[in-house]
Amino acid sequence: MRPLSLLSTLAMSAVLSSLPALAHDHAVLRGRLVFADHEKPVVRVLDLDTGEVTHSFDLPKANPGFATAQGGRFVVIKTGDDAGTIRFLDTGLTIESHGDHNDVEKGPVKLTDLALTGQKPAHVISGHGQLALFYDGIRPWDGQSTAKAVLVAINDLAKDKPALTEWPSPGPQHGIVVPLGEGRWLMSVPNPAYVKGDDRSASSRPDGFEILDRAKGSWAKLASFNDPAKADASCKLYHGHAAADGRHVFGCAEGEGGGMLVLSQAGAKFSAHKLAYPDERRISAIKARVGAKFMVANYGKTSPYDGLIRVDPTAKSLSASDVLPVPGGQSACQFELSGNGKRLANLTPDGKLRVYDVAAWKELASFDAVPAFDCQYGARTPTPSLAVVGGSAYVSDPTNGRIREYNLETLKQALDLPVEGMPANLAGSDAG
């Protein structure tokens, strides 16, 4: 690990001492940040209270993908190897929300022994204390596909041998499984034309969902939203999901019958309706926070998605005022909501980090965070990453070997820490 210089240490101490005091009688720890390396097959853990890299774990390939499970303690690592291995990093963090702040307790950091394998690991969804990991399966014309989801209770990840449930998908799909609580799960239904494999232009994206109850080891169907003849009971070319406060929003195709499918849950009863897009574009990824009025998604016709759209899932319609163009016609690239959902951080290919007020839907600040970079999926050049923890946005700068923090409330840069290697993908721990 590269040690902090005295100047860096003093600067960090000054930043920490300048942060606004909160209404409590104890120091609030800042937690830990997990980051991958662009060149080396290693994952490191940065302690945000000391500025030091405290742990390092070897993995099969450089720059694996991350997803943070609900509660913030466990980071899911898609290693990127040929076996489709997924590992789990226990950050040791226990996070308890107190409204105006989160209390953080630090326990041991550990790369658990659990390793899952399968064909093409993709969407990772958590909620209601459960974690669902979806394996898409290979294209049907490339061989026998074994698409599946692996389900596990998040707290069980701390055990030596957590109990796992495997749900075999009816066919290959770029699908999703969503925990709904009390043994209920939403499962995407694969596109029959894609599963058949005769038409190689058929999309791997699903067009609908079923809600299943895993009672006594079986999967009983509770509801179906998989009728292509009904706009409110289907989601053509699904991609993008977020959930908060009992509502799930799914991104569906643009055009006639398209829009976002809003699913509401009241106990064992489920209902859905379509929320139309304000124009002929669609979303691909969506972010949400508990208690926030708005969700935020990227928005466009095809990649790059060059707009941002705020979504009130309780609204009857959306309008042009809910859409913000990304400056310069760039891709929206990476974006995350603050812990309270009131601010949005957006890292764009020009290297700028822009901060938006979501309610007013306007830019509040812009920072020259990193050098310009290629945001295309699969780019070989080093790609910076954005993670938001509470009221702070963290940006990795692989070119210069640094991780920087930007306070989304004060709109000022905070920490600027040198780290070993080329920091790329980030994962932060948050209680959301």
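The values are calculated or read from the model by the stated rules, or taken from the named source; none is laboratory data. The structure displayed is predicted, hence computed values, not measured ones. Positions of Cβ are generated from backbone atoms using ideal geometry, with glycine treated the same way; all protein chains shown enter the neighbour counts. All accessible areas refer to the heavy atoms of the entire protein, side chains included, with ligands and DNA or RNA removed. Shrake-Rupley method; radii C 1.70, N 1.55, O 1.52, S 1.80 Å.
About its Cα centre, what dipole magnitude does the range 168-287 give when the only charges are +1 on Lys and Arg Cβ and -1 on Asp and Glu Cβ, stated in debye to the nearest 20?
320 debye
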Next item on the list: Compare the Cα positions of 288, 400, 72 along the charge dipole of the chain (+1 at Cβ of Lys, Arg; -1 at Cβ of Asp, Glu; about the Cα centre) and return the one farthest towards the positive end.
Entry: 288
Checklist line | Cleavage-rule hits, GluC sites (Glu not before Pro), the range 129-230, DSSP coil, Cβ neighbours within 10 Å at most 15 | finding: 182
Margin query: For a quick check, take a GNM of the chain with Cα springs below 10 Å and name the residue from 51, 329, 80 with the largest mean-square fluctuation.
Written below: 329
Next item on the list: For the range 234-312, state which GluC sites (Glu not before Pro) are in a DSSP loop and have at most 15 other beta carbons lying within 10 Å of their beta carbon.
Entry: 256, 280
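Efficiency by 1/(1 + (r/R0)^6): what FRET value for residue 54 and residue 139, r their Cβ-Cβ distance, R0 = 51 Å, to the nearest 0.05?
Working: r = 42 Å, r/R0 = 0.82.
Computed FRET efficiency for residue 54 and residue 139: 0.75.
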Next item on the list: Using a 1.4 angstrom probe on the protein heavy atoms only, line up 392, 203 by accessible area, largest first.
Entry: 203, 392
Checklist line | Accessible carbon and sulfur surface of the range 249-365 relative to its total accessible area, %, 1.4 Å | finding: 49 percent
Notebook entry, point to check: To the nearest 10 Å², what's residue 204's accessible area with a 1.4 Å probe?
Noted result: 40 Å²
Notebook entry, point to check: Restricting the count to DSSP beta bridges whose residues both fall in the chain, what percent are antiparallel, rounded to a multiple of 5?
Noted result: 100 percent
Next item on the list: May I ask for the angle, rounded to the nearest 10°, between helix 6-18 and the longest principal axis of the chain, with both axes built from Cα atoms and the value confined to 0 to 90°?
Entry: 70 degrees
Notebook entry, point to check: So what does residue 245 come to for accessible area, using a 1.4 Å probe and Å² rounded to 10?
Noted result: 90 Å²
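Taking 0.36 nm per intervening residue step and subtracting the Cα-Cα distance, what contour gain separates residue 214 from residue 357 on full extension?
Details: separation 143, 0.36 × 143 = 51.48 nm, distance 4.14 nm.
Value of the extension gain: 47.3 nm.
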Checklist line | Per-pair calculated FRET efficiency, R0 = 35 Å: residue 96 and residue 146 via Cβ, rounded to 0.05 | finding: 0.30
Check: Based solely on its DSSP helices, what 222 nm [θ] is calculated for the chain when runs of n ≥ 4 H residues each add -39,500 (n - 2.57) and the sum is averaged over all residues, nearest 500 deg cm²/dmol?
Finding: -1000 deg cm²/dmol
Check: What full-extension length gain, to one decimal in nm, is calculated for residue 303 and residue 409 as 0.36 nm per residue of separation minus the Cα-Cα distance?
Finding: 35.1 nm
Notebook entry, point to check: Which FRET efficiency, nearest 0.05, do residue 227 and residue 112 yield, Cβ-Cβ r, R0 60 Å?
Noted result: 0.90
Next item on the list: Would you mind working out the accessible area per residue for the range 178-253, using a 1.4 Å probe, and quoting it in Å²?
Entry: 46 Å²
Note to self: Please report the projected area of the chain's Cα convex hull averaged over all directions, in nm².
What the structure shows: 20.5 nm²
Checklist line | the range 158-242: trypsin sites (Lys or Arg not before Pro) in DSSP coil with no more than 10 other Cβ atoms inside 10 Å | finding: 200, 216
Check: Could you state the number of Å between the C-alpha centres of the range 273-289 and the range 344-417?
Finding: 23 Å
Next item on the list: Can you tell me how much longer the chain between residue 266 and residue 164 gets when fully stretched, taken as 0.36 nm per residue apart minus their C-alpha distance, in nm with one decimal?
Entry: 34.0 nm
Checklist line | Normalised contact order of the chain, rounded percent, pairs of Cα under 8 Å and 6 or more residues apart | finding: 11 percent
